[in-house]
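In what follows, a single structure is set out as structure tokens and then discussed.
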Amino acid sequence: MLDYTELKDKGGLDPWPTMEDLPFVSVLEGKPIHSGRFDIGGFGTRTSAGVWQCTPGKFEYTYPGDEICTLIEGRISLVDEGGRTHEYGPGDTFYTRKGEVVTWTVIETIRKVFHTHDPDAVELAHEAAA
């Protein structure tokens, strides 16, 4: 069992690829820098969970998988595909679906616990072929 009451503040966050290098992110303002750690899975796996942190900035993000996350610290403003603005802070939880395009504005450096699932990930295709 992963207990994020304990794991949320555990260190081990590593720098992640720059947002400019990610095909599903378009930086709109600032120079947001993100880091994180995987407690389950990793980049490109069907299922992953861990902690992610990002400094202030604005970017458009096309979700490569379904995700549910809970903010641990910081403040963000998200604009969904319908043009609705959502403000989130510590303790708030939200869900996004694969392919959804959301504009993020990180107001104060955030840290979140995340769980992602991509049923189309290569990992699943390999299991189906076996």
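Rule-based calculations on the coordinates, nothing more; no lab input. Just so we're clear, the structure is a prediction, and the values are computed from it rather than from any experiment. Positions of Cβ are backbone-derived with ideal geometry, glycine not excepted, and every protein chain shown enters the neighbour counts.
Ratio of Rg to Rh for the chain: 0.96 [Cα atoms; Kirkwood radius as inverse mean 1/r over pairs]. Each label was represented as a point 7 Å from its Cα along the Cα-to-Cβ direction; for Phe43 and Asp14 these points are 0.9 nm apart. As a proxy for reagent exposure, Val106, Val27 were ordered by neighbouring Cβ count within 10 angstrom, fewest first; the result is Val27, Val106. Sorting 36-44, 16-24, 108-116 by average packing, meaning the other beta carbons within 10 Å per residue, from highest down gives 108-116, 36-44, 16-24. Relative contact order of the range 30-129: 36 percent, from C-alpha pairs under 8 Å at least 6 residues apart in sequence. By the rule of a C-alpha distance below 27 Å, with chain neighbours fewer than 8 residues away ignored, the lysines paired with Lys10 are Lys31, Lys58, Lys112.
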